[in-house]
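A.B. asks: What follows is a single structure, and I will ask about it in a moment.
Derivation of every value follows stated rules applied to the coordinates shown; laboratory data play no part. Every value quoted in this text rests on a predicted model; they were computed, and no experiment measured them. Please note: Cβ atoms are built from the backbone with ideal geometry, for glycine as well, and neighbour counts cover all protein chains shown.
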Amino acid sequence: MIELKDVSKAYDSGNGKTYVLKNVNLSVETPIIIAIMGPSGSGKTTLLNIIGGLDRPTSGSYLFAGEAVEKKRERELAKLRGGRIGFVFQMFNLIPRLTVFRNAELPMVYAGVPASERYERVMAALRAVGLEEKADRTPDKLSGGEVQRVAIARALINDPDVILADEPTGNLDSKTGKDILNVLASLNRSGRTIILVTHNAQIAAFAKRQVRIFDGVVQEASR
Amino acid sequence: MANLRMAFSSIAINKGRSFLTMLGIIIGVGSVILILAIAEGAKRDVAKSIEGLGSNIVFVLPGKVQPGRFFSPGTLSSVLTAKDVSTIKGLAAVKDVSPLVIISNVAAGDGRTDSTALNIGVSDVTLGILNLKMERGRFLSKSEVDKSAPVAIVGAGPSSVLFPGGDAVGKTIIIKEKPFKVVGVLQKAPPTSSLGGANFDTMVMIPFTTANGLLGSTTIARIAATVRSGRNPEDVKEEIVKEVKKNHGGVEDFSVLTQRDILNTASRVIDAFTAMIASIAAISLVVGGIGIMNMMLVSVTERTREIGIRKAVGATSGNILFQFLSEAIALSFIGAIIGLGVAFAGSRLIGRVSDNLHPYISSQSIGLALAMAFFVGVVFGIIPAIRAARKNPIEALRYE
C-alpha cells in the first residue's frame, strides 16, 4: 500500500543541507495501525506530510498503491489527499465559520461528489462518530472531543484507504483521547490503515506496529 | 455553485468590513449609472422635441456640417440667400419654405428686457413648418411679411417676462431700438421641447423682411422647409443639395439636415459629453477595485489556515484561486447592485426636483453596471486569489 524507499527531505541552510528525513525506508501493508514515535523535531510530522501528499521528498521514491507519488502533479496530489487519504490533526483544523455539516462535507466538494449524494453521506459519517444531532452547529459550540470526531468524520467522508493522524489526542484529556483512539481502532477493523504520529508511548502501545524516528532516521521497533 | 455559497457566507461574516469595501464600487457604479441616466433622459427629451418638429422637416444651414460631427451652428464661411429660398420653393417635392433670420439683440417691452429671448425673422408659413400653435392672437400674415410690417409674435417665455400677468397682444416691444406691435402669443411648447439649446418658448418672431431691414443685410441664417406627404425627406435632401449647389457656383458650402440628421448629431454631442463625464466618474470604480483588493489581501492572510485545511482535504490551487476570485467578484457585484439602487433612487429624486432633467436608466446601463462589476472583481481579485492559491499547505496549516 505504502512504500517509501530512501526518502530524504532536506533544506538548504547557510552551511550545507539540513536533513529532516534521511534515507527513510518504510513499507506499510493494509490494514494495520502503525505508530510513528519520536520527540518533537525528529521529523515525524514531515514524514506524515510526505505520506499524505502534502509535501514532497527531496530524494527517494514513494509508492502509494503502486503509483509513484513524487512524480505526481499538484492536481493529482490534491486528488490523492482528498480521495484516498484522510487527515486528522492535533489542532483539529476545522474551518471555524462553517457548520459541522459543511466541514465534514468539504472533501466531497473538492472530489466533485454531486450535491444530491452528499447529504446522506455526511449524515452517515456524523452518525458513525455520534454527532448526527450537532450537524448545524459551528465548531466553537462543541467540546474538544466532539471537534476531533467531526475531523474524523471529515477524514472518512470519501472512504479513504489510509487515515493519517498527527497527535490526534494531543489536545484532549485522557478519557476523550481514549474515545478517539477507539474510533480509530474501529476504522482499522473496517479495513483501513491508520498511521498515527505521537510522542506518547502509551498511545503508541495501542498500535500493532511501532516505528521510531530520531533526527530524521527511522528505526523499526518490535513490540 | 458551492463557490458562490462560500463567497456569500464569508462576505456575510464580515458585514461591516464588506460594506466599507463595497462603498467605492457603490459610489462608482451609482455615479456612472446616474450620469448615463441623465444623458439618456436628455437624449430622449431632445429626440422628443425634434420629433415634435415632424418627420417631414428639412433644414438648410450655411457651412458644411459633416454628418455625425460636432454640430457647429452657422460657421459663416458662406451665406444663404433669398435666391436659395426661391430655388427650394420651386422644387415639386417641397411644400412650404421659410427663411429664418437671427437678430442677436435683446427684446424689451413695458420697461423690462428679456435677455434670453431669441429674436428671429420668419415668414407667414413658419408656424406650420415648425409645428407650433398659437395661444392668443394670430400669426404673421403674408402681406405683413411682404410689406416688412413692424409686427411681432412672442413665445411663452418673453410673453411672461416682458408682460407678467398681462396679455401681450396689442402691446409694443422694442428690438434694436425699433418698436414692434405684438399680434400673437405662441402656445407653450412641452417642457421637453428644446432644440440644441434653442427653445421655441424663448422666441420672438418678426417678418424676415423686417429683420433684413433691421440688420441692413439679406443674410439668411437657416432655411426651414417641409416635404410634401408621401415624399422621402432623404430624397428631397439630395434634390435640394443638387439644386442649391448651382446657386453657389457648384460648391457645397451649405448643409441640408433632415430630422434624422439633427437627431443623430444631437445624440452624438450628448454621447461625447456623457462619455467624458462618465469616465471621470469611473475613476471611483478603480478606487473601489483597489479597496476590494486590499480587503481580499487581508482576508487571504487571515484565512491562511483555512487555505491549508482546504488543500489538505483535496482542494487544488485552482479551487482556491476560484474561491477567492468568486469572493472578490461577489463583493463587487453586491456593490454594483447597491450602486444601481442608489442610481435608481438618485434618478427618481432628480426627476422630481428638476424641471429640465428626466433621468432614464436603460437596460443597457444595468447590463453595463453588472459588466463593470464583473470586470473590477476579476481585475482586482486576481492578485489576492493567486496569492491564496500559491500558499504552501504545510506552512498554511502551521499558521496561527
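A.B. asks: With both bridge residues required to lie in chain A, what share of the DSSP beta bridges run antiparallel, to the nearest 5%? Don't skip to the end; give the middle numbers.
C.D. replies: On the way: 20 of 38 bridges.
Given both bridge residues lie in chain A, the antiparallel proportion sits at roughly 55 percent.
A.B. asks: Suppose every K and R has +1 on its Cβ and every D and E has -1 on its Cβ; what is the size of the dipole of chain A about the Cα centre, in Debye to the nearest 20? Don't jump to the answer; show the numbers that get you there.
C.D. replies: Values: 31 positive and 25 negative charges, 11 e Å.
Around 60 debye, computed over chain A.
A.B. asks: Only Lys, Arg, Asp and Glu count, each charged at its Cβ (+1, +1, -1, -1), so figure out the dipole size of the range B:113-239 about its Cα centre, rounded to 20 debye.
C.D. replies: Numbers: 14 positive and 12 negative charges, 61 e Å.
Using Cβ point charges on Lys, Arg, Asp and Glu, the range B:113-239 gives about 300 debye.
A.B. asks: Give me the percent of DSSP beta bridges within the range B:80-252 that run antiparallel, rounded to the nearest 5. Write down the numbers at each step before the final one.
C.D. replies: Numbers: 25 of 34 bridges.
Counting DSSP beta bridges with both partners in the range B:80-252, the antiparallel share is about 75 percent.
A.B. asks: For peptide A:78-86, what's the mean number of Cβ atoms from other chains within 10 Å of each residue's Cβ?
C.D. replies: On the way: counts 12, 2, 1, 7, 8, 1, 1, 3, 2.
Average per residue, whole number: 4.
A.B. asks: Can you tell me, using C-alpha contacts under 8 Å and at least 6 residues apart, the relative contact order of the range B:80-252 as a whole percent?
C.D. replies: Values: 347 pairs, mean separation 57.7, N = 173.
After rounding, I find 33 percent.
A.B. asks: Right, something else. Average partner chain C-beta neighbours within 10 Å, per residue of A:46-58? Could the numbers behind the result be given before it?
C.D. replies: On the way: counts 1, 0, 0, 4, 0, 0, 3, 3, 8, 3, 0, 0, 0.
The shielding value for this peptide is 2.
A.B. asks: Report the dimensions of chain A along its three principal axes from the alpha-carbon atoms, largest first, rounded to Å.
C.D. replies: 53, 38, 35
A.B. asks: Kindly state, to the nearest 0.05, the FRET efficiency for A:Ser59 paired with B:Ala272, given R0 = 56 Å and r defined as their beta-carbon distance.
C.D. replies: Efficiency, from the Cβ-Cβ distance: 0.25.
A.B. asks: What percent do you get for the relative contact order of chain A when only Cα pairs under 8 Å and 6+ apart count? It would help to have the intermediate numbers written out before the result.
C.D. replies: Numbers: 431 pairs, mean separation 67.4, N = 223.
Relative CO of chain A lands at 30 percent.
A.B. asks: Under a point spin-label approximation (7 Å from Cα along Cα-to-Cβ), what is the A:Glu74-B:Phe8 distance to one decimal in nm?
C.D. replies: Each label point is offset 7 Å from its Cα along the Cβ direction, giving 3.0 nm.
A.B. asks: Quick one: grab Rg to one decimal and Dmax as a whole number for the range B:80-252, Cα atoms only, in Å.
C.D. replies: 16.5, 53
A.B. asks: Let me ask you something else. Relative contact order, percent, of chain B when contacts are C-alpha pairs under 8 Å separated by at least 6 residues?
C.D. replies: On the way: 765 pairs, mean separation 118.5, N = 400.
The normalised contact order for chain B reaches 30 percent.
A.B. asks: Of all DSSP beta bridges in the protein assembly as shown, what percent run antiparallel (nearest 5)? Could you put the intermediate results ahead of the total?
C.D. replies: Values: 54 of 81 bridges.
Percent antiparallel among DSSP bridges in the protein assembly as shown is about 65.
A.B. asks: If you don't mind, there's one more thing I want to ask. For n ≥ 4 DSSP H runs only, could you compute -39500 (n - 2.57) per run for chain A, divide by its residues and tell me the 222 nm figure to the nearest 500?
C.D. replies: Value at 222 nm, helices only: -10500 deg cm²/dmol.
A.B. asks: Find how many whole Å separate the alpha carbon centroid of the range B:1-27 from the alpha carbon centroid of the range B:246-289.
C.D. replies: Each part's Cα centre sits 40 Å from the other's.
A.B. asks: A follow-up question, please. Cα centroids of the range B:206-242 and the range A:6-61: how far apart, whole angstrom?
C.D. replies: The two parts, judged by their Cα centres, are 95 Å apart.
A.B. asks: What are the residues whose amide H is under 5 Å from the amide H of A:Ile36, where those residues sit 5 or more places off or on another chain and H is modelled from the backbone?
C.D. replies: A:Leu196, A:Val197, A:Thr198, A:Val211
A.B. asks: Taking H as built 1.01 Å from N, whose amide H comes closer than 5 Å to the amide H of A:Gln90, not counting residues under 5 places away?
C.D. replies: Placed amide hydrogens put A:Asp166 under 5 Å from A:Gln90.
A.B. asks: Hey, another quick one. Based on alpha-carbon positions alone, could you give the equivalent ellipsoid semi-axes of chain B from the gyration tensor, as √(5λ), descending, whole Å?
C.D. replies: Numbers: eigenvalues 795, 108, 45 Å².
Those come to 63, 23, 15 Å.
A.B. asks: Treating each Cα of the protein assembly as shown as an identical point scatterer and ignoring solvent, apply the Debye formula and state log10 I(q)/I(0) at q = 0.08, 0.10, 0.12 Å⁻¹.
C.D. replies: Computed log10 I(q)/I(0) values: -0.70, -0.90, -1.14.
A.B. asks: What translational diffusion coefficient, to the nearest whole µm²/s, does the range B:153-309 have by Stokes-Einstein, given a Kirkwood radius computed over alpha-carbon pairs, a temperature of 25 °C and 0.890 mPa s viscosity? Numbers along the way, then the final one.
C.D. replies: On the way: Rh = 21.9 Å.
The calculation lands on 112 µm²/s.
A.B. asks: Follow-up. Which value, in debye to the nearest 20, describes the size of the charge dipole of the protein assembly as shown about its Cα centre when Lys and Arg Cβ atoms bear +1, Asp and Glu Cβ atoms bear -1, and nothing else is charged? Show your work: numbers first, answer last.
C.D. replies: Details: 72 positive and 54 negative charges, 123 e Å.
Dipole of the protein assembly as shown, to the nearest 20 debye: 580 debye.
A.B. asks: Under 5 Å between amide H atoms, partner at least 5 residues away or on a different chain: which partners does A:Gly60 have, H built in plane at 1.01 Å?
C.D. replies: A:Ser8
A.B. asks: Consider a paramagnetic label point 7 Å from the Cα of A:Ile32 along Cα→Cβ; state which residues of the range A:75-107 have an amide N under 19 Å from it.
C.D. replies: A:85-86
A.B. asks: Using only DSSP helix segments of four residues or longer, with each worth -39500 (n - 2.57), what per-residue ellipticity at 222 nm results for chain B after dividing by its residue count and rounding to 500? Spell out each step's value before the answer.
C.D. replies: Numbers: 13 runs with 220 residues, N = 400.
Counting only the DSSP helices, I get -18500 deg cm²/dmol.
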